Each structure stands twice: as structure tokens, then as C-alpha cells.
Amino acid sequence: MGSSGRRRLPALALAVALLVGAVGVAGVGEGAPSASADTVSQLKAKQQQLKDALAQAQEGLADTGERAEQAAAELADVQARQPAAQAALETAQAEVRTAKDRDVELAGQLAAAEAAEQVAVEELAGGEQDLAEAEKRVSRLVSATYRGGGVDAGLAAAVMGGEGPSELADRLALVDAAARLQQSSTNRLAQVRAEQQHRAERLEAVRQQMADLRQQAADHLVETQRVQEQAQTASDELAALEATKEQALADIEAQKKVYQQQVDQAQAESDDIAAQLRARARARAGSSGGSSGGGGGGGGSAAPQRGLLGNPLASMTVTSGFGYRIHPVYHVRRLHAGTDLRAACGTPVYAAADGEVVRAGPGTGYGNILVIDHGTIGGRDVATAYAHLSRFAARPGQDVKKGDLVAYSGSTGVGTACHLHFEVRVDGSPTDAMAGWL
């Protein structure tokens, strides 16, 4: 609640206190001299003070209602947006987990590639030694063969030599072995060269794989940062919604307390009216020995066909009926003690039956209220109340007839627009005006 709302609550309390005082002085309207020592001027000053305090209180109550509606709207908006925000956060968090898993996977692949590179480098180095040895062997054989005139020359020498068949066979075997050794060494050299070429190609492939993995890791780092920022944004948005929700709930709770005060004050005011009417009924019963007299004793015989009381407005449209209701924001159960009738500000309000005006002045939730005691109708003590009035056309103590102009509708007190709040009180307690009375 804002500071202006806090400043207005004392005014509301003051209004209630002044109301009780004003009722004690001028609310009964019996025509008897008041026991108070207040002068007429002091009474008028007190009434003016009451009006000023009520004006401040009503302004504060209007502000309270607007703040509560705003808080309720914010709460509804947050509750509508929270599922999507929560889903966005969960999606972003899942993407972060996937990104981290991919980071681990890439790191593992890169480590494996680096290990493979090390093995390939070592194998390539070992292959270089094998190649060097193979080349030396072939070189030696070539040199030896060259010095001996080659394999063909050795073969010719073996054939043309003067040795016998046994020596010839030995020479031919030696020539054949030399040829096979030369061919084997040549083949081995080719094999070692091929293996070394394969090792070099494999090392190049491993290094290319490492380069690709490093590029993937760099690209994925950018993606990981993006999804992490997205997740943080979603988390921040959800946190902001939670904060807004908590603030809205706090505002509603604060306004609920004010509203509960209004309900309590309205109930106190209603109880005060009931007590006043019952006191009058007891006094009337005592003075008449229990007879059914009163200011409006003949009201029953003059009742319209549709009910026991006349209509307080020329045009009757009910906008809110009598009964208990639960506040849509505060969830507070309270009794709507009357019937709200559609009426533009300044619409004439008429007495529902003959009687005496016992109250015509400002209240709290009721605003300007006029109460008429109709005496006994149908064996019950009946009174009517007219609230949220803009001004009065009758004063306390004045006798009125059914259909007399007594006030004009308005929007004073706790209300959102001009209308007439009409109550029927039976034995002091509020009852449904539309249930056989109008």
C-alpha cells in the first residue's frame, strides 16, 4: 500500500468515530431536546468535520479498490505467463545440458585424436629407420652384384666354368640364392616404402581430424555461450515474474485488510442502524402498551399490488441483489444487505411508505444515508434505508408519506458508480426487499 493509502486509513477511522458521535446527537430525530451540551454551531462544525473526513476516506477507499484491481490483473497476467516462461527455462536448460554433453564428447574425440597423432608420429619415425635399413641392404646388394658382373654374368660363369656337374650345381644354387636375396630385398624396400607412405597419410588424416575437431569445439563454444545466455534470460524472466507475483499477492493481502476493515465498519454501521430501530420499536411498544402504532401504521393498507412497499425509484432495474457474496479478489464473504438499483446521479428517491425520517446524514460505506421508520406493517417493525445519496430532501424527525421525495441518488461512500442502495429492515435486521416487499 502506498503512503497516500496509509494516510487515508486514519481518516476512515475518524469518520467512523464521528459517525457514532453524530448519530448520538442528531440521528434519532425523536423531536425531544438533546442531552448533549453541544450548541447548534458546534454540531454543524462536527457534521462538517465528518463530511470532510468521509470525503478523504472515500477517496482512499477508491484508491484501494483501484490498487487491488491492478494487483489482481498483474497476478492474473503473471499466472498466465508463468507456464510459458517455465517451459522456456526448461528448454534452455536442456539445450545447455546437450551443449555440455557435446563439449565433453568433442573433448574426448580431440584427446583420442591427439593420442592417435602421437602413435602415428612414433610409427612414422620407426618406419623411417626400417626404410633406411632396407635401402642400405638393397644398396649393398646392388653394389656387390655390380662388382660381380650381375646375376646373368654369374650364371654364365657357372655354366662356362670347367667344373664338374657337382660344382656347376653348387654355383647355380649360389647364383639363384643371390637372385632371390636381391629380389627379396627389393620387395622389402618397396613394402617398407608403402608402409611409410601409409603412416604419413594416416598422420595427415589424424591431424586434419584434429583441426576439424578444434574448429567444431570453437564453433560449439559460441553455441554453448548462446544457449547459456538464453537460459539465463529465461531464468531472469521467470524470477521477475515470481517477484511480480509475490508483490501482487502482497498488495492484494494489504488491500484485503483494508477491505476487511470496510466490511467490519459497514457491519458496525448496519448494527448501529439495527440497534437504533429496535430501540425505537421498544419505545413505541412501551408507550402504546404493545399496540401496533407508529409513524407509518397505515402503510400496510396502502401497499401497492406487487408488494407491501412502494418503489423508491420511478424506474426499477436491479443491478445487484440481496445476499451473501464472495469478493472475487479478496475471497472475503460478506452480506450485501440491500438491493442495488440503477440510478444516474441526481435521480429522485421516494419514500417507500409512510413514516418518520430517523437518520439523514453521512455514513462510512453507506455514504450519505437516509433511514425511515415505518412503524408496524403486517405485525413487524419495518424501516427502509436509502444509501450512497448525493443530497437529502428530508431531515431527521420529519414525517413523510409514501411517494414523497426524500433524497437524490449519488455515489457517496464505497461504490464504483452512481446508484441507489435500498434496504428493507424488519425488526432492525436487513431482509431481501424483492422477496414480497416491493
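Quick note: the coordinates plus some simple rules give every number you see, no bench work behind them. In this text the structure is predicted, and so the values were computed from the model without any measurement. Counting neighbours? That spans all protein chains shown, and the Cβs are built from the backbone with ideal geometry, glycine included.
Computed over the alpha carbons of segment 325-438, Rg followed by Dmax gives 13.8, 43 Å.
Using C-alpha pairs below 8 Å separated by at least 6 residues, the relative contact order for segment 293-438 is 29 percent. A simple spin-label model places pseudo-atoms 7 Å from Cα toward Cβ; at Glu253 and Ala115 they are separated by 5.8 nm. Computed over neighbours whose Cβ is under 12 Å from that of His331, the net charge equals +3, Lys and Arg +1, Asp and Glu -1.
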